[in-house]
Amino acid sequence: MSRIKRFFRTYKPFTRAGMQEMIAYRANFICHLIGEIMAAFIMYFVWKAVFLSSDSETFMGFTMEDMVVYIFITFLTGYMTYSDGAFAVGEEIIDGSIAMRMIKPCSFEMCFLFQELGSRLISISMIFVPMVAGVEIYRYAVCGEVRFQIGYFLLYIVSLLLAYMISFYFNVCYGFMAFFFKNLWGTTLIKETLVSFLSGAIIPLAFMPSGLAAVLNILPFASLSYTPVMIYMGMYSTSQILWSFGLQIFWVVVMYGVTKLIWRSAVRHLSVQGG
Amino acid sequence: MKRYLRLHRIFVVQYLKKLMEYKVDFLLGAIGLLITQAIQILFLGIIFSQIPSLIGYTFPQILFIYGFSLIPKSLDHLLTDNLWMVGYRIVRKGEFDKYLTRPINTLFHVVSENFCVDAFGEMLSCILLLGYSIPQLDMPFHWYTIPLALVAVVFATLIYTSLKIMTAAIAFWTKASGHIIHMLYMVNDFSKYPVTIYNKAVQTIITYVIPFAFTAYYPASYFLTGKNPLFCIGGTVIAGTVMFALAVFVWNRGLRAYESVGS
């Protein structure tokens, strides 16, 4: 018990720092958020036009209502699982400031994790509740009945947390890689585009050819976005949910292992010049 | 004017030398932009595999509008990318002092200092899209189509650049405005599709307030149908001129407000 207490006492200041950073740069945060929401609205208008032009009520099994929920919950999931806290790790290796992290009695990735948690708490309070409420009000207005199911919502939260962990460790690994590819703008663009495609954020995996969809479902990217969104929408059966939780946990463990491996070998080869 | 053209050439040559040093960087940036566009096209392809037309537009027509939207976007990206740096770094770090001490126009100097070859990724996808869609379309063609297209492209690019100048210039007052330029760039995504898919409010905003619709949909729809040349092409020219005048005004006011960091 005291160990857990000490653990949280060690990392709490990082969370506070993350929150303060978020508040200090709130204009950046709000502009960024508005920009991202606009992208979701473009998708909404495109899909509305698709359903207007189509003879049938559904598009490959999705109704307009499903599509709206899909677009906005995907946006929310992507926003909540976005992780760039560990992005600086490559830079810190280059300029040697990583040494300062190594002499502290705490794990380097936990520092990043708790710092990001701080900024995440702020964005949860600002966007999570309004977004879910907005989607549910829309659903109520369209169907005339409450479609919100607390059970699926809670399972979604669990899946979202697992997705965040995958995203976090994946991006720590990417932070190490960024150290080799100096062009951060180009590589980050490639990474983010590929991840959003492979995770079904642009095109639902259900719309892809079945062979490709099956492969993408197993890759870690589907666990980042598609899985939690499908659970929220109640599209998965109990056995599918259990299976996808298992898969998500599997990918958290794998990403964690890879991070530790890279960290160890980086530390062994690290030599920081002077001071 | 001649002097400025010569200076621009010197700046570009300098930049290309720097670029040769970092070939991989350029390649990665261009590949990233190419992949981004390819995925968007795949998205449209999947939609059109299920429906014959999107509110009256066929697949080649949508691709033409999409491709057209990339022309001004990539030209602006190629030529004026340094404005992003004004928003993110140059003003905040006090590096803007450099431009004030030179005997040339500050705006010209900032813009011509960088030559962003990453934009070739967008240009390539633009050429592929237009090359694929134009032969499948039955577009009206007259002797004046090509000159009008050139005029439309020039003024559409001017709309882009002017909006970027204005948002970058905000940094003169606030020290940093990169996030505002970013927001503007998210708005420009609205111009990739026919404006008729949006509701009235959005249509009004992207036509009269932030005239991104004139960078793609309006001129492109004129070339597709030959209708409304006055509004589609004339509107682009007017929007480009007005925006540029506004941009120069805002930039000059910003210069007066600029304070160095003092170290």
Checklist line | The one condition in (1) out of contact with any Leu (no Cβ under 7 Å at 6 or more places or on another chain); (2) more than 9 Å from chain B (Cβ to nearest Cβ) that A:MET19 fails to fulfil | finding: (1)
Check: When you look at B:ALA201, is it among the small types (Gly, Ala, Ser), farther than 30 Å from B:ASP97 by Cβ and open to solvent by 10 Å² or more (accessible area, probe 1.4 Å), yes or no?
Finding: yes
Check: In the stretch B:158-216, which residue that is closer than 16 Å to B:PRO72 by Cβ and small (Gly, Ala, Ser) is nearest to the other protein chains (Cβ to nearest Cβ)?
Finding: B:SER191
Next item on the list: Return the pairs, sorted by first residue and then second, in which the second residue is open to solvent by less than 100 Å² (accessible area, probe 1.4 Å) and hydroxyl-bearing (Ser, Thr, Tyr), the first residue lies in the stretch A:1-25 and is closer than 14 Å to A:LEU121 by Cα, the beta carbons are less than 8 Å apart, and the residues are 6+ apart or on different chains.
Entry: A:GLY18/A:SER119; A:MET19/A:SER119; A:GLU21/A:SER119; A:MET22/A:SER119; A:MET22/A:SER123
Next item on the list: Could you please let me know if B:ILE159 is over 14 Å from the mean Cα position of the chain (by Cα) and either surrounded by fewer than 20 Cβ atoms within 10 Å (Cβ to Cβ) or in a helix (DSSP H, G or I) (or both)?
Entry: no
Note to self: Name the single residue that is modelled with the lowest pLDDT among those in the stretch B:213-263 being of a type in the set (Lys, Arg) and over 30 Å from B:ILE146 (Cβ atoms).
What the structure shows: B:ARG256
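Filter the stretch A:26-44 for residues that are in contact (Cβ under 8 Å) with a residue 24 or more places away in the chain and within 20 Å of the chain's Cα centre (by Cα) and give the result.
Matches in the stretch A:26-44: A:PHE29, A:LEU33, A:GLU36, A:ILE37, A:ALA39, A:ALA40, A:MET43.
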Check: Got at least one residue in the stretch B:69-80 being open to solvent by 60 Å² or more (accessible area, probe 1.4 Å), at pLDDT 85 or above and either within 24 Å of B:ALA156 (Cα to Cα) or small (Gly, Ala, Ser) (or both)?
Finding: yes
Note to self: Given the criterion at the interface with chain A (Cβ under 9 Å from one of its Cβ atoms) and either surrounded by fewer than 17 Cβ atoms within 10 Å (Cβ to Cβ) or in contact with a Lys or Arg (Cβ under 9 Å, 6 or more places away or on another chain) (or both), identify the matching residue among B:PHE43, B:PHE26.
What the structure shows: B:PHE43
Checklist line | Qualifying position, being surrounded by fewer than 15 Cβ atoms within 10 Å (Cβ to Cβ), more than 14 Å from chain A (Cβ to nearest Cβ) and closer than 30 Å to A:ALA27 by Cα, among B:LYS98, B:LYS2 | finding: B:LYS98
Next item on the list: Please give the number of the condition B:LEU137 fails out of (1) without any contact (Cβ under 8 Å) to a residue 40 or more places away in the chain; (2) surrounded by fewer than 17 Cβ atoms within 10 Å (Cβ to Cβ).
Entry: (1)
Next item on the list: Kindly list the number of the only condition in (1) open to solvent by 40 Å² or more (accessible area, probe 1.4 Å); (2) within 14 Å of chain A (Cβ to nearest Cβ); (3) more than 30 Å from A:SER53 (Cα to Cα) that fails for B:PRO147.
Entry: (2)
Checklist line | Residue under evaluation B:LEU246, criteria (1) open to solvent by less than 70 Å² (accessible area, probe 1.4 Å); (2) in contact (Cβ under 8 Å) with a residue 24 or more places away in the chain; (3) away from chain A (no Cβ under 12 Å), criterion not met | finding: (1)
Notebook entry, point to check: If you check every pair at least six apart or on different chains, which have Cβ atoms under 7 Å apart with a residue in the stretch A:124-152 that is open to solvent by 40 Å² or more (accessible area, probe 1.4 Å) first and a residue that is of a type in the set (Ser, Thr, Tyr) second?
Noted result: A:VAL146/A:TYR140; A:TYR152/A:TYR232
Check: Of the residues that make up the stretch A:51-59, is at least one farther than 29 Å from A:MET230 by Cβ, open to solvent by less than 40 Å² (accessible area, probe 1.4 Å) and assigned to a helix (DSSP H, G or I)?
Finding: no
Next item on the list: Of all residues in the stretch B:217-226, count the ones that are over 17 Å from B:SER74 (Cα atoms), surrounded by 16 or more Cβ atoms within 10 Å (Cβ to Cβ) and either of a type outside the set (S, T, N, Q) or within 12 Å of chain A (Cβ to nearest Cβ) (or both).
Entry: 4
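The values are calculated or read from the model by the stated rules, or taken from the named source; none is laboratory data. In this text the structure is predicted, and so the values were computed from the model without any measurement. Note: ideal-geometry Cβ built from the backbone for every residue, glycine included; neighbour counts use all protein chains shown. Surface areas here come from the heavy atoms of the whole protein model, side chains and all, with no ligands, DNA or RNA. Shrake-Rupley method; radii C 1.70, N 1.55, O 1.52, S 1.80 Å.
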